[in-house]
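Below is one structure, written out as structure tokens; comments come after it.
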Amino acid sequence: MREFRQYASVVAAFATVFYLALLVAGFGMLSLLLNRDVISDPHAGPVAGPVMTGVSVAIVLACLLSIALRVPKEKQRVSPQTALLVGFGAYFFFAVAGGVLLGAGRGDPFGFVVALGTQLLSPFALAAGVLAFAVVLIYMIVIASHVGDRGRPRWPWEKHDQ
């Protein structure tokens, strides 16, 4: 059991790095296709984008580690509902982080609400959620397919029992 949890944790770390790479590439492609900046507010500063992305990545990592460490090896399943929930969480908290960071710079009491609404309607927040859904679903497929294995794959000359 301990070996499986180590394997699942390492795969979770790699899946999270994969998610971050997909976010960077996806944001770049969307920005080019839509001819729009990821953060269109000129008063945002250089910290808002990385913090918003970091919040989304942290949510995905926490959920993947929760799946890896909490669910026993025998009960690993592919759950699209869980992946959808994680995707929604990544989308929503990406937008909330943007609302907090961008709304704080406006100086008016409704700055948070305006910035949150802008981020919730942003294609970049939607991309963060869709990519999180895809990465979590792929992670679940990889982990669930490993349940019946009996160790690493072996070359034909390594099989001494034949």
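The numbers here are math on the coordinates, done by the rules we state, and not lab data. Keep in mind that this is a model prediction, so the values were computed, not measured. Here the Cβ is made from the backbone with ideal geometry for all residues, glycine too, and neighbour counts use every protein chain on show.
Dipole magnitude for the range 2-149: computed about the Cα centre from +1 point charges on Lys and Arg Cβ and -1 point charges on Asp and Glu Cβ, it is near 380 debye. Look at the dipole of the chain built from charges on Cβ: of T16, F93, G45, the Cα furthest out on the positive end belongs to T16. A Stokes-Einstein calculation at 20 °C with viscosity 1.002 mPa s, built on the Kirkwood radius of the range 1-74 over Cα pairs, returns a diffusion coefficient of 151 µm²/s.
Using DSSP H assignments, which helices in the chain have an axial alpha-carbon span of 27 Å or above and a mean Kyte-Doolittle hydropathy of 1.0 or higher?
Details: long enough: 2-34 (47 Å, 1.38); 48-70 (32 Å, 1.89); 80-104 (36 Å, 1.56); 123-145 (33 Å, 2.43).
Membrane-span-like by this criterion, though nothing is claimed about a membrane: 2-34, 48-70, 80-104, 123-145.
Computed log10 I(q)/I(0) for the chain at 0.13, 0.16 Å⁻¹: -0.66, -0.88, from the Debye equation with unit scatterers placed on every C-alpha and solvent omitted.
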